[in-house]
Amino acid sequence: MKIAILLKQVPVKDAQLKVNGDGTWIDESDVTFEINESDHYGLEEALRLKEKHGGEVVVVSMGPERTKEAIKQALAKGADRAIYINDDGVRSADPVINAKILAAALKPENFDLVLSGLQSDDLGHGQTGVIVAELLGMAHATIVMETDVKDGKIKVKRELESGWFQYVEIPLPAMLTIQSGLNQIRYATIKGIMAAKRKEIKEVTPADLGLDAAELQSPGVKLHKMYVPVKTKETVILEGDPKEIVSQLVEKLKNEAKVI
């Protein structure tokens, strides 16, 4: 099987984040980054499928130069090669634009299976993998907890609400978004780390993939402003008979707190 794993680098969970000077994103100058949690599980599932069915695992990742560190970690764990998309000229928060770039990189490779994490820990749209599937004309399944490849098809277990699960069989090629906890993540070995130094990391840009720069600069989703919520404290004492207090409380919950 020829398997792609979409990998994203995000700030570590306990990072002390600060908003940048123009208020459009976090200040990345003093932040440590790591592989997105659910992408870890997607990578592990890709490696297990390769061990069971043969083939290769290709890491596909997009971001600034620092993203190569995440790619090297994936190669050290057992991925065979990587495609790195340098998107410094784009850096979009729009999942449609990101999916178009990823799909352009994936299409010439004709993968049997494309895996990604369910959603990223930074923006959390949970849409990129689904849009990639649409752009490539692939069957897809989300929130996947289990996989079984057989006879040109893949049977998956999907996590639903309230403790329910759904079993679906879809044809290959397919795109799956993987839920955290699917499997036990492996660690890179010294042998794997040394071997990763000899593995190919093909670097491309959106322009190299034949994408229209003007289209990528017109996002449907754009971050206009980020800010730290201002903490305030205010105590209001409601007085009067019970009926008056209830009336005042309902009004405040509805018009001020806006919770009803």
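Within segment 65-73, can one find any residue that is touching a Phe, Trp or Tyr at 6+ places or on another chain (Cβ under 8 Å), basic (Lys, Arg) and under 27 Å from MET194 (Cβ atoms)? Yes: one or more hits. Looking at segment 172-190, I want the residues that are charged (D, E, K, R) and have a partner that is surrounded by 15 or more Cβ atoms within 10 Å (Cβ to Cβ) with Cβ atoms under 7 Å, at least 6 apart or on another chain. Which pairs are those? From segment 172-190, the pairs are ARG186/GLU44; ARG186/LYS77. Among the residues of segment 1-15, count how many are of a type outside the set (Lys, Arg) and part of a strand (DSSP E or B). Within segment 1-15, residues that are of a type outside the set (Lys, Arg) and part of a strand (DSSP E or B) number 8.
Before we move on, is ALA104 surrounded by fewer than 21 Cβ atoms within 10 Å (Cβ to Cβ), of a type outside the set (S, T, N, Q) and part of a helix (DSSP H, G or I)? The answer is yes for ALA104.
Go through segment 224-260 residue by residue and tally those that are touching a residue at least 60 places away in the same chain (Cβ under 8 Å) and either farther than 30 Å from THR24 by Cβ or surrounded by 10 or more Cβ atoms within 10 Å (Cβ to Cβ) (or both).
Count: 1.
For segment 16-41, the candidate set comprises residues that are aromatic (Phe, Trp, Tyr) and outside any helix (DSSP H, G or I); within that set, the residue that is farthest from THR177 (Cα to Cα) is TRP25. Take the residues in segment 138-171 that are out of contact with any strand residue (DSSP E or B) (no Cβ under 9 Å at 6 or more places or on another chain) and acidic (Asp, Glu); name whichever of them is surrounded by the most Cβ atoms within 10 Å (Cβ to Cβ). The selected residue is ASP151.
GLU45 passes every criterion in (1) under 20 Å from VAL132 (Cβ atoms); (2) free of Cβ contacts under 8 Å to residues at least 24 places away in the same chain apart from (2). Remark: ASP208 matches the filter, which requires a residue to be under 30 Å from GLY78 (Cα atoms), acidic (Asp, Glu) and surrounded by 11 or more Cβ atoms within 10 Å (Cβ to Cβ). Within segment 58-71, if we keep just the residues that are in a helix (DSSP H, G or I) and under 19 Å from LEU106 (Cα atoms), the residue that is farthest from the chain's Cα centre (by Cα) turns out to be LYS68. Among the residues of segment 109-124, those that are among the small types (Gly, Ala, Ser) and either assigned to a strand (DSSP E or B) or surrounded by fewer than 20 Cβ atoms within 10 Å (Cβ to Cβ) (or both) comprise SER116, GLY117, GLY124.
For segment 75-101, residues that are over 15 Å from LEU6 (Cβ atoms), in a helix (DSSP H, G or I) and among the charged types (D, E, K, R) total 1.
Read-outs throughout are calculated quantities, based only on the coordinates presented, and are distinct from any laboratory measurement. Predicted model only: the values in this text are computed from it and were never measured. Cβ coordinates were reconstructed from backbone atoms using ideal geometry, including for glycine residues, and neighbour counts include every protein chain displayed.
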